[in-house]
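What follows is one structure encoded as structure tokens, with my remarks underneath.
The values are calculated or read from the model by the stated rules, or taken from the named source; none is laboratory data. The structure presented is a predicted model; accordingly, all values stated were derived computationally and were not measured. No Cβ is skipped: glycine too gets one built from the backbone with ideal geometry, and neighbour counts run over all protein chains shown.
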Amino acid sequence: MHRAALTNSYRTANLLIRSIENGRFGILVTSRVATSTSPASAAAIANRVAQEPFLNGSSSIYVEEMYNAWLKDPNSVHKSWDTFFRNASANAEPGLAHQRPPTLFPFSGSFPSASGSQSLSSVDSHRDIDDHLSVQAIIRSYQIRGHYFAKLDPLEINVTNFDRDGAWLKVYNFEEKDMDRLFKLPNTTYIGGGENVLSLREILKRLEGSYCRHVGVEYMFINNLEQCQWIREKFETPSSLDLSPEKKKTLLARMTRSHKFEEFLAKKWSSEKRFGLEGCEVLIPAMKEIIDNSSELGIESIVMGMPHRGRLNVLANVCRKPLEQIFAQFNSLEPADEGSGDVKYHLGMSHERLNRKTNKTIKLAVVANPSHLEAVDPIVQGKTRAEQFYRGDTQGKKVMSILLHGDAAFAGQGVVYETFHLSDLPDYSTHGTIHIVVNNQIGFTTDPRVARSSPYCTDVARVVNAPIFHVNSDDPEAVVHVCKVAAEWRAKFGKDCVIDLVCYRRNGHNEIDEPMFTQPLMYTKIKKQMPTLHKYAQKLIAEKTVTEEFVNQLNEKYENILVEAYKNTEKECDPTGILPEVLDHIGNAFSTPPPGNFKIHPGIKRILNARKEMVNNRTIDWALAEALAFGSLLKEGIHVRLSGQDVERGTFSHRHHVLHHQTVDKTTYRPLCHLYPDQAPYTVCNSSLSEYGVLGFELGFSMTNPNALVIWEAQFGDFFNTAQCIIDQFISSGQAKWVRQSGLVLLLPHGMEGMGPEHSSGRPERFLELCNAQHDEFPTIDEFFPLKQLHDINMIVANCSTPGNMFHILRRQIALPFRKPLIVFTPKSLLRHPSCKSSFDELLPGTEFQRVLPDKSESINSNPQAVKRNIFCTGKVYYELVKERATRGLEDSVALTRVEQLCPFPFDLVQEEIKKFPNAELVWSQEEHKNQGWWNFVEPNMECVVKHLGLNKEIKYAGRPVSPSTATGSKHIHKKEHMNHMNDSFN
């Protein structure tokens, strides 16, 4: 070999080694380094070096560059050049300054002579340099391409048949005898774990373990050396994937909950669509690992978006939505197609819970999403950014986002790229999102080979230099390690990263679909696949981390939790009754004057005294019912917001939730804000004189936090019609159109009391007409019927006649496992009616909202056969009918039944009341005109009940005749109409 060739080889080796160590593989041109040495002195050194015999007249430009680099940092050049420059600078004679390059393996001999002849030792030296480079190239090859050969597919269908050991030996001219040779490791790898020299065999073994087992890491496209080095350290350090025994037990417990939840749903609701997580049960411990580590790193709130697959499991086992609520939704639903409304696997939730690992409270919000896959991605980012903004979290250290994806949608939906595109923009960044792809390796029925052009479904993430961690979902410990790294990456660098959970879908697209139609080979293999939980349990038993008894106890414990929750779903919803001591405390606080020298109006003193007397007598009126409902929710941590014109006092001066100092301006006291030291906030605010704008605002407020009771009250029910657009376009149809739930409450003062056409009617007929209620088919009645009705209806319409029922229906808005708009027609004269009172006993635990209030008079129920007329009615008119019945002496023959919840219609309870009095004719009595009010809604529903019972009975109408106006403006005509109404009701 010629001397010049050897010199060039050595020079190239030096530059290549340095470029590799600096993360610039393939760039062989070193940049000039500015030094204190003048160009003349650098050139002089170059000329001096050119006199060295071993260079044989080689170009001095490389020498000059290396010399300049050496002046700045002697370690930036190879050790042999460092020695040479030191000797040359000390004026060593030509031929004496140079020493041969050091190698890992000592040899003797000289460089080739001028004639070109070589000694054996010089050939070995050159081989050492090439081998050193080859080993570094091998390491880099694993770092760049190792993920292609990783064992990522739990089904072992998509595997690469490539003999890596043999390949490296062949490509880099290594033989088996070289496998035990020692090589120095570069500073671009952590496989040494503190050792600087390893055998080639051990190097390959450790590289295989880091990059080609159950984790495949894509990161070498990232153009940031610090980030690349950080990722190398996390995956190359030996034993980085090892978990402690306690961590393994926790992982097994989480896997058990995930697996058993899906197993329980499959057993109880085999014919229901649920988009279960079977085949990727490891998602639950994966998400919990991210949340645990993020909480430890300072995160207080996580906003999540996800498709329907696995959503119920995530809600149950990550967010800890009560199992009773999830099971109640199954019991109250017929199988429904995707996109047909707010189906259970589209629902979101927001919940604060204690993280057991960190003992810190963390807020978890899952954003509701439609069937338009990935549409939720930018919404989650906007919600996260908003929360960061309002918290002053400019670096994303307290609020973060997690996005879950399906493999087909992640690769196919353009909004994924558009959302990534926002990730680093100053006004849109959320400082890093952790993306988790549930990679089923298939779409609905479409093979990925015909669904995407890229090798991986995750390739779109490369556009923002997001590292991608592919992991085999059948290795829970590898998954947990990857998730820990992802949380730490996001915390350190504030950038996106992607976890590709390579798994399978045990069932079809949904549990009813047959996947064997289109993927027979894949699903033949899936049917034979042992569940991940069972594999992992066997592994831990084999390594003696747990015993078989421990595994059985875990299974039994969670199964008992599921069974108990299922039993509890027989209740309609969470209880709305409260303890007597809570009633006393809130009632006393609400009836106590402000502390100190706060001067209140004398009329307010009388009101407070009257309230105090009611509390002592254990009775409530309408104002006290509201206060007890609000106060008890505040105690439970539920924010209550009451907004509208004059709501602080109440249009009819019944409420007085804000007391005004009589001599000091702008000094107020709000009793319900001072109930408990740790209560939720109570917001009561008089609004602008706008119905349209304010109702729209309150609707938006209610959609932001489902765990708040948001109420808008009209000054008079009639005035809602200037906000009809909000009601038509959003409140009545928002769930069906946009899959957005709202628990907004509308309070509409209503009643014919001679106050004219603009202060009488809240137009119940309009709301009932907007309800998606069925009239022509009697429903199936079971223990879940009331909840099913509430779930399926688009909004609830009620007309309460007792303070106790008002108390319960307000609390039920929060107790329900879902959110529906509630329209309540509230009274005016009943606010102070002496008979419109309820007992504390009607509010205690075990009590609830009564959809129908039967006639409980003893004279009626002691001889039901004697009842000749059963009058059904709703709201305030009941008290007028009671008075008229007594006047006419008909207490033994006329029953009065109140329908408190009009929509959804209580078919089951109305049926019971009709059957109770077999000889009675049926009458619907209302004070509104016949073409208004409740009649047009009630008549077909009652006819449906009568038909179902096989009775030949007519439902008679008693009330005002048709009219284009809601009410007369004449007191005389009003009284005349009232008398005619009473006559129609009882004759």
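ILE781 fulfils the conditions (1) farther than 25 Å from SER690 by Cα; (2) of a type in the set (A, V, I, L, M, F, W, C); (3) crowded, with 19+ Cβ neighbours inside 10 Å except for a single criterion, (3). Within region 834-850, take every residue that is charged (D, E, K, R) and part of a loop (DSSP other than H, G, I, E, B) and give me the one that is nearest to the chain's Cα centre (by Cα). Applying the filter and picking the extreme gives GLU848.
Mind listing just one residue for me: the one in region 565-595 that is assigned to a helix (DSSP H, G or I) and free of Cβ contacts under 8 Å to residues at least 12 places away in the same chain and, of those, nearest to ASP841 (Cα to Cα)? The selected residue is GLU581. Counting only residues that are surrounded by fewer than 21 Cβ atoms within 10 Å (Cβ to Cβ) and in a loop (DSSP other than H, G, I, E, B), region 639-649 holds 4 of them. Which ones in region 735-747 are part of a helix (DSSP H, G or I), in contact (Cβ under 8 Å) with a residue 24 or more places away in the chain and not aliphatic (A, V, I, L, M)? If the condition is that a residue be part of a helix (DSSP H, G or I), in contact (Cβ under 8 Å) with a residue 24 or more places away in the chain and not aliphatic (A, V, I, L, M), then GLN735, TRP738 are the ones that fit.
Conditions tested, residue by residue: (1) surrounded by fewer than 22 Cβ atoms within 10 Å (Cβ to Cβ); (2) of a type outside the set (A, V, I, L, M).
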position	(1), (2)
LEU844	yes, no
VAL852	yes, no
LYS856	yes, yes
LYS876	no, yes
GLN901	no, yes
GLY933	no, yes
PRO940	yes, yes
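Every condition in (1) touching a helix residue (DSSP H, G or I) at 6+ places or on another chain (Cβ under 8 Å); (2) over 24 Å from VAL282 (Cα atoms) is met by ARG391 except one, and the failing one is (1). The residues on offer are VAL416, VAL367, VAL376, VAL380, and the sole one that is buried (at least 20 other Cβ atoms within 10 Å of the Cβ), of a type in the set (Val, Ile, Thr) and modelled with pLDDT of 90 or more is VAL416. Would a scan of region 460-472 turn up a residue that is on the phi < 0 side of the Ramachandran plot, touching a strand residue (DSSP E or B) at 6+ places or on another chain (Cβ under 6 Å), crowded, with 16+ Cβ neighbours inside 10 Å and part of a loop (DSSP other than H, G, I, E, B)? Yes, region 460-472 has at least one match.
Of the residues making up region 671-710, those that are in contact with a strand residue (DSSP E or B) (Cβ under 7 Å, 6 or more places away or on another chain) and part of a loop (DSSP other than H, G, I, E, B) are ALA680, PRO681, SER687, ASN705, PRO706, ASN707. Selection of region 748-766 for residues being part of a helix (DSSP H, G or I) and over 12 Å from ASN799 (Cα atoms) yields GLU765, ARG766.
Scanning region 655-670 for residues that are surrounded by fewer than 19 Cβ atoms within 10 Å (Cβ to Cβ) and assigned to a loop (DSSP other than H, G, I, E, B) yields a total of 9.
Put simply, of SER985, SER963 the only residue that is more than 25 Å from ILE914 (Cβ to Cβ) and surrounded by 14 or more Cβ atoms within 10 Å (Cβ to Cβ) is SER963.
For region 681-698, the criterion of being modelled with pLDDT of 85 or more, buried (at least 20 other Cβ atoms within 10 Å of the Cβ), within 30 Å of VAL303 (Cβ to Cβ) and within 22 Å of the chain's Cα centre (by Cα) is met by no residue.
Considering ASN863, ASN870, which residue is of a type in the set (S, T, N, Q) and crowded, with 20+ Cβ neighbours inside 10 Å?
ASN870
Considering (1) out of contact with any Phe, Trp or Tyr (no Cβ under 9 Å at 6 or more places or on another chain); (2) of a type in the set (A, V, I, L, M); (3) closer than 21 Å to ILE814 by Cα, the lone condition that ILE604 does not fulfil carries the number (3). Taken together, THR532, THR547, THR592, THR619 contain a single residue that is hydroxyl-bearing (Ser, Thr, Tyr) and in contact with an Asp or Glu (Cβ under 6 Å, 6 or more places away or on another chain), which is THR532. Number of residues in region 239-253 that are of a type in the set (A, V, I, L, M) and more than 14 Å from ALA537 (Cα to Cα): the value is 2.
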